[in-house]
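Here the structure is laid out as structure tokens; the discussion comes afterwards.
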Amino acid sequence: MARKSEKHQNTAAKKNSKLSLFITAAIGAIIVVTLVVMATREDQKTPVEKPAADKGATMPEQVSYEVVASYPHDPKAFLQGLVFHDGGFYESTGQFGRSSLRRVELQSGKVLKKVDLADEYFGEGLAMVGDRLVQLTWQTHRGFVYERDTFRKIGEFTYQSEGWGLCYDGKNLIMSDGSDTLTYMDATTFEPVKKLRVTMNGRAMRNLNELEFIEGEIWANVWHEDLILRINPESGRVSSFLNLRGLHNPDVSEGGEDVLNGIAYDAAQKRIFISGKLWPKIFEIKLK
Ligand SMILES: [Ca+2]
């Protein structure tokens, strides 16, 4: 009886395993098609010359992941920029009158230090450059530079575009502005150095938002999508992507703005952290 029951369970498990493989494959296929349609639509809206470098573009693959841990996050924090360093996060939050720069403890989510931005600024991307933190604002064309350990403001700079996401590749700052093009900026003078157009299978990918530089790749989440793109910094091509659907269920009371928008990397322990605007948790994920 026990054996029969085991066999039954094994058969059921195999069926479940086959079924889940089929579902995973089906979801993957749907996502690829959706992405192509999205990219095509965006491309039609903004006709752009197809760069010669894209002739060899191939369809990127979906990378699967598992959640290995989760940590509390202030559900009132409209997360716009996330950086990991030395056992905790630096976080930039947005919204007028609620924007801030924070130091957050990993395990507890406790806000250890916070400076508020003036009411006219809507905080955006954040990056760490040595012992400095650099924070963007949305439509005010102004960035702020802080001493990392004290949060003392030590500089300001301006830029032409909107400010969305920000990361640092060890040499330059990389900024997104909601378009399909990333701007490299000198990390000291904040002067633009070069532009990188992001394409997937030859098509422009717009609404790039929060950024993180991870092991030689630019990771970008796409505004209002459950997507993280892994971008080759030389070609701008999306090499693969993660589908984060289901990690957080949108809250209608937040008007659906509680979207995926946080990527941070602990280079020392090779840990990847993911979160979003007003999310109650930060997830640690591992690629499979
Ligand atoms: Ca980041």
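Nothing in this text is a laboratory measurement; each read-out follows from the coordinates by a stated rule. Model, not experiment: these values are computed from the prediction. Don't worry about glycine lacking a Cβ; one is built from the backbone with ideal geometry, like all the others, and counts go over all protein chains shown.
Quick rundown of the values:
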{"read-out": "Listed pairs Lys153/Lys277; Lys76/Lys277; Lys171/Lys194; Lys171/Lys286; Lys153/Lys270 exceeding 18 Å between Cα atoms", "value": "Lys153/Lys277; Lys171/Lys286; Lys153/Lys270"}
{"read-out": "Packing rank of 274-281, 209-216, where each peptide gets the mean count of other beta carbons within 10 Å, highest leading", "value": "274-281, 209-216"}
{"read-out": "Neighbour net charge for Cys167 - beta-carbon separation under 10 angstrom, K R +1, D E -1", "value": "-3"}
{"read-out": "Pairwise centroid distance, computed over Cα atoms, of region 204-237 with region 76-93, Å", "value": "18 Å"}
{"read-out": "Segment Leu112-Glu66, extension gain: residue separation times 0.36 nm, minus the distance between their alpha carbons", "value": "13.7 nm"}
